[in-house]
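The values are calculated or read from the model by the stated rules, or taken from the named source; none is laboratory data. Because the structure is predicted, anything quoted here is derived from the model rather than measured. Positions of Cβ are backbone-derived with ideal geometry, glycine not excepted, and every protein chain shown enters the neighbour counts. Calculation scope for accessible area: heavy atoms of the full protein, side chains included, ligands and nucleic acids excluded. Shrake-Rupley method; radii C 1.70, N 1.55, O 1.52, S 1.80 Å.
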Amino acid sequence: MTVTVRFAPSPTGHIHIGNSRTALFNWLFAMKHRGRFIQRFDDTDVERSKQEYANAILYDLHWLGIFPDVIEYQSRRFDIYDAAIERLKAAGVLYPCYETAEELDLRRKIRRTRGLPPVYGREALNLTTEEKEAFERDGRRPYWRFLLPNFDTDPFETRRTEVHWNDLIRGEETVDLASLSDPVLRREDGTYLYTLPSVVDDIDFGVTHVIRGDDHVTNTGVQIALSKALGSKPPVFGHHNLLTTTTGEGLSKRSGALSVASLRESGIEPMALASLAVLVGTSENVASVPTMAELADRFDPAKTSKSAAKFDPAELQLLNKALLHHMAFEAVRERLAALGISGDDAEPFWTTVRGNLDTLAEGVVWWRIVKEGLIHQPDLSEADRTFVRQAFDLLPDEPWDRTTWKTWTDAVREATGRKGKALFMPLRLALTGLASGPELADLLPLLGREGTLARRP
Ligand code: GLU
């Protein structure tokens, strides 16, 4: 059977680095198994779901290097969920309830004071036809619960019912269905909660592996039971640890600063983000991995730890820098051209400056310095200015290459007696306007003799 995975966010906001972890785990798993990746939008909440968020999520995924084979929207499949509801009713495992939220709350409190677990007591199963009709006459509409298979013959006599699965990430897992309330599948206004559409879609789309955050572990017991009630063999499940902020708070769609979009806008490279999102909280070393194929080689769901992992933006910046440092010109040629960095000098320029960049866009600053001249006028002392002028008089003739710097500075040392920092720093300041930057030996041929002389103080 073709391995089939899905990434199923609700399009109610932008995805953050934690969501990208889920998407990437699925994508890499599909890559390793030559499987299919379904992008499913869980947009049953039509009020809060927005097409613009779905589009933004697709954009983020493409940027990361994830290209779904199929895109599905739950909001287009309500008739399919309605049909599943009818099947569950016919099988006698879906029952109508009429309690208000206040009534349920009160019952939970009573159960607690009696030392009973605060699960739903299935009182609605005892409603007579007349009682139901009376509720309907009062204007109450039923909501629908799935009768969990946690009893022998009497649903009021529940017994420990363990659902087991071998989690792809966490190993053996068990949920006791007797510890759970019968889940509501459909609300009184006819709208769906997450559970039923998710299970129906996983069956319909042939999902073989459900890989998601470990906040869904408990749902898995219910989903396995519901899959079976719908006559299907449950998929394999894998629950990965969640990412938190450095102070341990959960990430949410509201933590805007950690959204994939804002990290992209701050100049983070997709593979830096992907590397951290996948490798943090695993037994693998966190390092920037240049391609998705190499990341797939390092990815092994079983190496994921069970406890939450902290996401540190500073670590992401370091990975970004390391990635840029080794990035081949071919990998960035088009992006550089879009920034106006093109022509014969573009490649030597890139290899010269990449080791000094925090973001690719910063390359523009160096391109301007090389091609247009100084952005900041250096503050040279009178003595340094005299020294630099003297040095400029000793510039070798062209052609220039990487050895020119040494030839030049040897001559300058000889003529002026200056050496070390006293020699290099005034030259660096005069040539670039900055106290640090790329190797001057590499910069010099890019400036050329004419470009260099134009910087004579
Ligand atoms: N829409 C659900 C979520 O974002 C999907 C969970 C799942 O993968 O089953 O949490």
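Things to note:
- Radius ratio Rg over Rh of the range 98-169, counting only Cα atoms, Kirkwood formula for Rh: 1.06
- Heavy-atom accessible area per residue - the range 1-107, 1.4 Å, Å²: 45 Å²
- Probe 1.4 Å - accessible area at Thr174, Å² to nearest ten: 60 Å²
- Highest average packing first - 389-395, 242-248, Cβ atoms within 10 Å: 389-395, 242-248
- Within the accessible area of the range 403-457, the carbon and sulfur atoms contribute 54%, probe 1.4 Å, all protein chains present.
- Beta bridges by DSSP in the chain, antiparallel share as percent, to the nearest 5: 55 percent
- Accessible area per residue for the range 332-457 is 52 Å², calculated with a 1.4 Å probe on protein heavy atoms, without ligands, DNA or RNA.
- Ligands, DNA and RNA are left out, and with a 1.4 angstrom probe the accessible area of the range 152-273 is 42 Å² per residue.
- When a 1.4 Å probe is rolled over the protein heavy atoms, the share of accessible surface on the range 1-73 that falls to carbon and sulfur comes to 49 percent.
- Using distinct alpha-carbon pairs, which all enter the 1/r mean, Kirkwood radius of the range 380-457 in Å: 12.4 Å
- Normalising the Debye intensity of the chain to I(0), with uniform scatterers on Cα atoms only, and taking log10 at q = 0.10 Å⁻¹ returns -0.83.
- Value of Rg/Rh across the range 270-413 [Cα atoms, Kirkwood radius]: 1.14
- Scaled against 2.2 N^0.38 Å for its residue count N, the alpha carbon radius of gyration of the range 26-163 is 1.48.
- Portion, in percent, of the accessible area of the range 183-332 that falls on carbon or sulfur, probe 1.4 Å: 53 percent
- Calculated FRET efficiency for the pair Gln377/Arg449, C-beta based, R₀ 25 Å, to 0.05: 0.70
- Note on the range 221-332: Cα-only Rg and Dmax are 17.1, 56 Å.
- Ordering of 292-305, 186-199, 7-20, 367-380 by burial proxy (mean other Cβ atoms within 10 Å per residue, highest first): 7-20, 186-199, 292-305, 367-380
- Treating each Cα of the range 115-259 as an identical point scatterer and summing with the Debye formula, the log10 of I(q)/I(0) at q = 0.13, 0.14, 0.17, 0.21 Å⁻¹ comes to -0.75, -0.85, -1.11, -1.34.
- Extension gain (nm, one decimal) between Ser307 and Glu47, 0.36 nm per residue minus Cα-Cα: 90.2 nm
- Cα centroid separation, the range 147-215 to the range 401-440 (Å): 70 Å
- Lysines with Cα under 16 Å of Lys303, excluding same-chain neighbours fewer than 8 positions away: Lys32
- Note on Glu249 and Phe151: their simple-model spin labels are 4.4 nm apart, each label 7 Å out from Cα toward Cβ.
- Of the chymotrypsin sites (Phe, Trp or Tyr not before Pro) found in the range 104-179, those that fall in a DSSP loop while having at most 15 other beta-carbon atoms within 10 Å are Phe156.
- The range 284-303 and the range 5-40 have Cα centres separated by 16 Å.
- Other residues within the sphere of radius under 15 Å centred on the Cβ of Leu316, judged by their own Cβ, net out at -1 (K and R +1, D and E -1).
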